[in-house]
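**Student:** Quick one: structure below, then a few questions.
The values are calculated or read from the model by the stated rules, or taken from the named source; none is laboratory data. Being a predicted model, the structure only gives us computed values, none of them experimental. Cβ atoms come from the backbone with ideal geometry, glycine included; neighbour counts cover every protein chain shown.
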Amino acid sequence: MTVFTNARVFDGTAMLPGTQTVTLEAGRIASISDAPASGEAIDPAAIDLGGMTLMPGLITCHFHPDFYKFTLAMGMAGEPLGKELPPGVLMAIAVRNCGVLLESGFTGYVGATAGHDIDASLKIAIAQGIMPGPRIRACSMHIGTTGDVNASNNWWREFTTGGTDVFADGPDEMRKMVREFIRRGAETIKIFTSSGHGGLPWPVPMTMERDEIEAVVRTAHARGVKVRAHAATREAIRACIELGVDIIDHGDEMDEELLGQMAQRGAFWVPSMVYPDCMIRLGWAEPGLKALQDNVRRLLPLAQKAGVKLLIGDDYSGVFRDVLDDDPLDHKPGDYGREFGFYGAMEGLSPAEVLSWGTRNAGEALVGAPGQLGVIAPGALADLIVVDGDPLADLSLLARPQDTLKAVVRDGAFVINRLQRS
């Protein structure tokens, strides 16, 4: 049993009044109560946080663990991603990046794709105690369609095995591929339904037919598996929402009508705006991308108000490492936490709302049910962090873990402990 006392508590939605005592037992939160009043005796076995913030561990919901040293030019030229290095090296990169997540206060991630079954393999290694790591919802490789986005332009150099992407056509092939990925440990199936979002120009608004999307969703949902979609165009977003896709990635051409449909159906949205923001700042963006990102910026407060479940996450890869002095999408401690300040600076969004994207909402996306993760509540999984300071007063605290992150707890046990016991 572990007891924290004199803790300021952000519970995944709001900062609780005063200070609290939180008890952990058997990997879960056992109880929450008011901390002893001034002058009252404190249990000598309790860890006195002295007013530091105890909060759910952060969770990123668009994560590619093996993206680290590929170049943007490779993908844009049609060279297959996930083939730039041997699978074993890519796995080593993923192990490294799991460590960076923990050092940044992120106790979980929802995969957005990884080649070579890396998500599922990491999850096994962590569960067996081979390595420390975050809680993972494992994702399949990208499923696309022949000759469309992400299919190599150099058709005469195709590989016999996939990297990050595989391609299928028609409902029957889609069903078979989904079943195979689930057999290999995928808990989320990722499909590529459109071009867009910082590049990937393509002449058609959808690169997957409705019957193909429907086949993926029906097959996955029948087996308790979620589906997420790269969907940037209005046509693709609409089709994905109507057909039951669980997570919309990017959503550049989102509109108010689609927001209402998402809220009604309980779909998640990962806007992932940092990547296109970098493209715009560097002058590399496709024409019209700035207007699309301004559209997303305008819609996010409306989405929050409508009850759309927004999520933190982006295409971390170090892709801008050679052209930006401080690449915000590099895999470095603190970079993942920058997203909270990025979105928190937008008009119409409060710090607590943005922080809930990476805690309460993200916990639901990871485990598939609300109230079990990403919250501080009795019975919830005890994945927690201790932060020196008030993140609601200064979201940049989450981007400076080397100074502010004092503890990381996974399943009720310390993974990082920098607390000074009195």
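**Student:** With the checklist (1) in contact with a Lys or Arg (Cβ under 8 Å, 6 or more places away or on another chain); (2) in a helix (DSSP H, G or I) in hand, flag the one item GLU253 doesn't pass.
**Tutor:** Among (1) in contact with a Lys or Arg (Cβ under 8 Å, 6 or more places away or on another chain); (2) in a helix (DSSP H, G or I), GLU253 violates only (2).
**Student:** If you scan the stretch 299-314, which residues turn out to be of a type in the set (D, E, K, R) and touching a Ser or Thr at 6+ places or on another chain (Cβ under 7 Å)?
**Tutor:** ASP314
**Student:** Can you name every residue in the stretch 262-274 that is buried (at least 16 other Cβ atoms within 10 Å of the Cβ) and at negative phi?
**Tutor:** Within the stretch 262-274, MET262, ALA263, ALA267, PHE268, TRP269, VAL270, PRO271, MET273, VAL274 qualify.
**Student:** Next question, about the same structure. What residue, of PRO370, PRO328, PRO301, PRO287, is touching a residue at least 40 places away in the same chain (Cβ under 8 Å), more than 27 Å from GLY82 (Cβ to Cβ) and not basic (Lys, Arg)?
**Tutor:** PRO301
**Student:** Would you confirm whether any residue within the stretch 103-115 is charged (D, E, K, R) and at pLDDT 85 or above?
**Tutor:** Within the stretch 103-115, one or more residues are charged (D, E, K, R) and at pLDDT 85 or above.
To keep it simple, each residue is scored yes or no on (1) crowded, with 24+ Cβ neighbours inside 10 Å; (2) at negative phi; (3) β-branched (Val, Ile, Thr).
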position	(1), (2), (3)
ASP148	no, yes, no
SER152	no, yes, no
ASP165	no, yes, no
GLY170	no, no, no
TRP202	no, yes, no
GLU209	no, yes, no
VAL227	yes, yes, yes
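**Student:** Determine, yes or no, whether TYR343 is assigned to a loop (DSSP other than H, G, I, E, B), over 17 Å from LEU54 (Cα atoms), hydroxyl-bearing (Ser, Thr, Tyr) and in the same structural domain as ARG281 (by TED's automatic domain parsing).
**Tutor:** No: the conditions fail for TYR343.
**Student:** Taking the criterion of being closer than 19 Å to ASN417 by Cα, surrounded by 23 or more Cβ atoms within 10 Å (Cβ to Cβ) and in contact with a strand residue (DSSP E or B) (Cβ under 9 Å, 6 or more places away or on another chain), would at least one residue in the stretch 107-117 satisfy it?
**Tutor:** Yes, some residue in the stretch 107-117 is closer than 19 Å to ASN417 by Cα, surrounded by 23 or more Cβ atoms within 10 Å (Cβ to Cβ) and in contact with a strand residue (DSSP E or B) (Cβ under 9 Å, 6 or more places away or on another chain).
**Student:** Still on this structure, I have one more. Those residues that are in contact with a strand residue (DSSP E or B) (Cβ under 8 Å, 6 or more places away or on another chain) and not in a loop (DSSP other than H, G, I, E, B), I need them from the stretch 155-181; list them, please.
**Tutor:** Hits for the stretch 155-181 are ASP165, VAL166, PHE167, MET174, MET177, VAL178, PHE181.
**Student:** Criterion first (within 18 Å of GLY344 (Cβ to Cβ) and among the basic types (Lys, Arg)) does LYS290 satisfy it?
**Tutor:** no
**Student:** Just to check your reading of the model, which residue among THR233, THR207, THR219 is touching a residue at least 40 places away in the same chain (Cβ under 8 Å), of a type in the set (S, T, N, Q) and touching a Ser or Thr at 6+ places or on another chain (Cβ under 9 Å)?
**Tutor:** On inspection, the qualifying residue turns out to be THR207.
For (1) surrounded by fewer than 21 Cβ atoms within 10 Å (Cβ to Cβ); (2) touching a helix residue (DSSP H, G or I) at 6+ places or on another chain (Cβ under 7 Å); (3) closer than 28 Å to THR164 by Cβ, each residue gets a yes or a no:
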{"position": "ARG281", "(1), (2), (3)": "yes, no, yes"}
{"position": "GLU286", "(1), (2), (3)": "yes, no, yes"}
{"position": "PRO301", "(1), (2), (3)": "yes, no, no"}
{"position": "GLN304", "(1), (2), (3)": "yes, yes, no"}
{"position": "ASP315", "(1), (2), (3)": "yes, yes, yes"}
{"position": "ASP330", "(1), (2), (3)": "yes, no, yes"}
{"position": "GLY341", "(1), (2), (3)": "yes, yes, no"}
{"position": "ALA345", "(1), (2), (3)": "yes, no, no"}
{"position": "LEU355", "(1), (2), (3)": "no, yes, no"}
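**Student:** Could you count how many residues in the stretch 201-251 are among the aromatic types (Phe, Trp, Tyr) and touching a Phe, Trp or Tyr at 6+ places or on another chain (Cβ under 6 Å)?
**Tutor:** Counting residues in the stretch 201-251 that are among the aromatic types (Phe, Trp, Tyr) and touching a Phe, Trp or Tyr at 6+ places or on another chain (Cβ under 6 Å) gives 0.
**Student:** Going through ILE237, ILE248 one at a time, which residue ends up being assigned by TED's automatic domain parsing to the domain that holds TYR68, assigned to a strand (DSSP E or B) and buried (at least 23 other Cβ atoms within 10 Å of the Cβ)?
**Tutor:** Only one candidate qualifies: ILE248.
**Student:** Among GLY368, GLY412, GLY389, GLY374, which is the only one that is at positive phi and crowded, with 23+ Cβ neighbours inside 10 Å?
**Tutor:** Being at positive phi and crowded, with 23+ Cβ neighbours inside 10 Å holds for just one of GLY368, GLY412, GLY389, GLY374, which is GLY374.
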